[in-house]
Amino acid sequence: MNPQREKTMIETAKEFGIAGIKKYYSIGEIITKMGDPADAWYILLTGKVGVFKRDFSVAEISERGTVFGELGCLLNIPRTATLQALEPTSVLHVQMSMDEVVEKYPQFAKRILISLAERLAKTTDAWWASAQQKQ
């Protein structure tokens, strides 16, 4: 997410009245597993979360306010990765469908879409750099 943005997702979520349950995870604790039903999404409050596909680490989430776990909810598919606390971590666990977010909180939905687009651009750049090194 762009660090120059004036408000974090946490502040924006509070501003729009998006409620959730604060959950705490110890180092190594699984937040959700690949293949589990995607019935909620998360906002990082503190700590660091590892994103794993099988035994391969694909990302780390450490920026306060990052929304994650939303992909399965958006696409209505099971979890596409395992999320694991890499250090003591707290999250806001939000059980709200993306349809509801879009309908009731369109500005917050826009922020989620921007975040997804930034992650896609970063992933594409990393893939392209890796492909160039192989040539």
- Message: Quick test of your reading of the structure: Q107 fulfils all but one of (1) more than 14 Å from the chain's Cα centre (by Cα); (2) without any contact (Cβ under 8 Å) to a residue 40 or more places away in the chain; (3) within 17 Å of K14 (Cα to Cα). Name the failing condition by number.
- Response: (2)
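Report yes if some residue within region 93-110 is within 16 Å of L45 (Cβ to Cβ) and surrounded by fewer than 19 Cβ atoms within 10 Å (Cβ to Cβ); otherwise report no.
Initially, region 93-110 is screened for residues within 16 Å of L45 (Cβ to Cβ), giving 93-94.
So of that shortlist, the ones also surrounded by fewer than 19 Cβ atoms within 10 Å (Cβ to Cβ) come out as 93.
Within region 93-110 (the criterion being within 16 Å of L45 (Cβ to Cβ) and surrounded by fewer than 19 Cβ atoms within 10 Å (Cβ to Cβ)), the answer is yes, since at least one residue qualifies.
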- Note on the structure: When every residue in region 24-83 that is over 14 Å from Q95 (Cα atoms) and touching a Pro at 6+ places or on another chain (Cβ under 7 Å) is compared, the one surrounded by the most Cβ atoms within 10 Å (Cβ to Cβ) is G47
- Message: Quick check on region 33-50: of everything there that is out of contact with any Lys or Arg (no Cβ under 8 Å at 6 or more places or on another chain) and of a type in the set (D, E, K, R), which residue is nearest to A19 (Cα to Cα)?
- Response: D39
- Task: Could you tell me whether K53 is of a type in the set (D, E, K, R) and under 19 Å from K14 (Cβ atoms)?
- Result: no
- Message: Looking at region 80-101, I want the residues that are in contact (Cβ under 8 Å) with a residue 60 or more places away in the chain and of a type in the set (G, A, S) and have a partner that is crowded, with 17+ Cβ neighbours inside 10 Å and assigned to a loop (DSSP other than H, G, I, E, B) with Cβ atoms under 7 Å, at least 6 apart or on another chain. Which pairs are those?
- Response: A85/G47; S90/G47
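Do we have S90 as more than 19 Å from Y24 (Cα to Cα), surrounded by 13 or more Cβ atoms within 10 Å (Cβ to Cβ) and touching a strand residue (DSSP E or B) at 6+ places or on another chain (Cβ under 8 Å) here?
On the way: more than 19 Å from Y24 (Cα to Cα): no; surrounded by 13 or more Cβ atoms within 10 Å (Cβ to Cβ): yes; touching a strand residue (DSSP E or B) at 6+ places or on another chain (Cβ under 8 Å): yes.
So S90 fails the test.
Each value in this text was obtained by applying a stated rule to the coordinates, not by laboratory testing. Here the structure is a predicted model, which is why all the values come from computation and not from measurement. Don't worry about glycine lacking a Cβ; one is built from the backbone with ideal geometry, like all the others, and counts go over all protein chains shown.
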